[in-house]
Each structure stands twice: as structure tokens, then as C-alpha cells.
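Novice: Sharing a structure with you now.
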């Protein structure tokens with residue numbers, strides 16, 4: 001199915017840019033008139049994906065995070081968050097709740113679980129030394145459908 005709108009955004013892998021990414025994606029999908037809950041869910045999922053790029057993908061280096069978002073005529077939004085960092089050696093293990101590569105105890109290891117609970121679909125592809133792409137999909141219910 002052909003997209004009805006598309007955006008691409010690139011920014012430095014700095015923690016300060018996580019809120020920028022949330023707001024950019026929420027502004028992009030605003031014409032779909034999402035409910036407050038839908039918008040909150042998507043913003044949180046984007047935050048988790050971007051944080052994974054910053055904390056785990058690039059670790060202690062600054063590099064580029066890329067977000068693309070596509071809106072389809074059936075009100076689906078597909079968001080891809082990509083880094084070109086270290087990659088994930090075992091995606092299945094990384095998707096398990098409480099799994100983390102952070103050794104300082106500062107991370108709960110719930111990022112992928114949170115994304116999966118908030119989005120309709122989540123797919124992770126990764127190659128060691130090449131980076132990771134998280135693809136998330138959510139169908140937006142128009143407010144008219146939600147209320148009526």
C-alpha cells in the first residue's frame with residue numbers, strides 16, 4: 001500500500017534529543033487526530049527506541065539516530081528508529097523483559113517490552129557492528145470512531 005505521507009529525521013545520539021524525537025513524531029501524526037492515549041503510547045514507544053540507540057547502540061559515542069515515519073491511507077503509522085551502532089548479538093534475548101547490556105544497574109531492561117505493549121507490531125532487525133532498526137506499527141482510531 002502506498003504511503004499518504006512520509007517523514008525522515010536525523011539527529012545526534014544525545015539524551016537531550018530524545019524529547020525532540022517524541023515531539024517531532026507526535027507533530028507528524030497529529031493530522032490523523034489520534035486520541036490522547038494513542039499519542040502518549042506512540043511518544044513513549046519512540047522514546048524507548050531512541051533511548052536504546054543512545055544508550056546501547058552507540059554507548060559512549062555520539063553518532064546519528066534516524067527516524068522515518070510513514071502514514072498509510074488506512075490510518076496506520078509505521079515508525080522506524082535506526083542506529084548504525086554496535087548491533088544486537090541476540091535479538092531474542094534482548095527482547096526478553098529485564099534483559100539489559102547495561103552493567104551499572106541504571107537500566108531496567110524493559111524497553112522492548114514497553115514498545116510491544118504500546119504498539120500493534122514491533123520488529124527488531126540488527127547486525128553486529130552495523131546497527132539496529134526498530135520498526136513499530138500502530139493503527140490510529142479516528143476520534144469519531146473511538147467516541148461513536
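The values are calculated or read from the model by the stated rules, or taken from the named source; none is laboratory data. Predicted model, so just to flag it, every value in this text is computed and none were measured. Cβ: placed from backbone, ideal geometry, glycine included. Neighbour counts: every protein chain shown.
Novice: Say we look at the stretch 13-47 and pick out the residues that are touching a residue at least 40 places away in the same chain (Cβ under 8 Å) and over 16 Å from residue 77 (Cβ atoms); which of these is surrounded by the fewest Cβ atoms within 10 Å (Cβ to Cβ)?
Specialist: The qualifying residue surrounded by the fewest Cβ atoms within 10 Å (Cβ to Cβ) is 14.
Novice: Name the pairs: first residue in the stretch 121-137 and at positive phi and touching a residue at least 60 places away in the same chain (Cβ under 8 Å), second residue part of a strand (DSSP E or B) and surrounded by 16 or more Cβ atoms within 10 Å (Cβ to Cβ), Cβ to Cβ under 9 Å, at least 6 apart or on different chains?
Specialist: 131/82; 131/83
Novice: Have a look at 79, 88 and point out the one that is under 22 Å from residue 23 (Cα atoms) and either at pLDDT below 95 or in contact with a strand residue (DSSP E or B) (Cβ under 9 Å, 6 or more places away or on another chain) (or both).
Specialist: Step by step, each of 79, 88 is checked, and only 79 is under 22 Å from residue 23 (Cα atoms) and either at pLDDT below 95 or in contact with a strand residue (DSSP E or B) (Cβ under 9 Å, 6 or more places away or on another chain) (or both).
Novice: If a residue must be under 19 Å from residue 70 (Cα atoms), assigned to a loop (DSSP other than H, G, I, E, B) and at pLDDT 95 or above, how many such residues does the stretch 101-148 contain?
Specialist: Result for the stretch 101-148: 3.
Novice: In the set 96, 61, which member is under 19 Å from residue 114 (Cα atoms), part of a loop (DSSP other than H, G, I, E, B) and without any contact (Cβ under 8 Å) to a residue 60 or more places away in the chain?
Specialist: Answer to the selection: 96.
Yes/no per residue for (1) on the phi < 0 side of the Ramachandran plot; (2) in contact with a helix residue (DSSP H, G or I) (Cβ under 9 Å, 6 or more places away or on another chain); (3) in a loop (DSSP other than H, G, I, E, B):
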residue: 3; (1), (2), (3): yes, no, yes
residue: 9; (1), (2), (3): yes, yes, no
residue: 22; (1), (2), (3): yes, yes, no
residue: 25; (1), (2), (3): yes, yes, no
residue: 29; (1), (2), (3): yes, yes, no
residue: 34; (1), (2), (3): yes, yes, yes
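Novice: Those residues that are at negative phi, surrounded by 12 or more Cβ atoms within 10 Å (Cβ to Cβ) and part of a loop (DSSP other than H, G, I, E, B), I need them from the stretch 73-88; list them, please.
Specialist: 84, 85, 86, 88
Novice: Another one. Could you tell me which numbered condition residue 55 fails, if it satisfies all but one of (1) in a helix (DSSP H, G or I); (2) at pLDDT below 85?
Specialist: In the conditions (1) in a helix (DSSP H, G or I); (2) at pLDDT below 85, residue 55 misses (2) alone.
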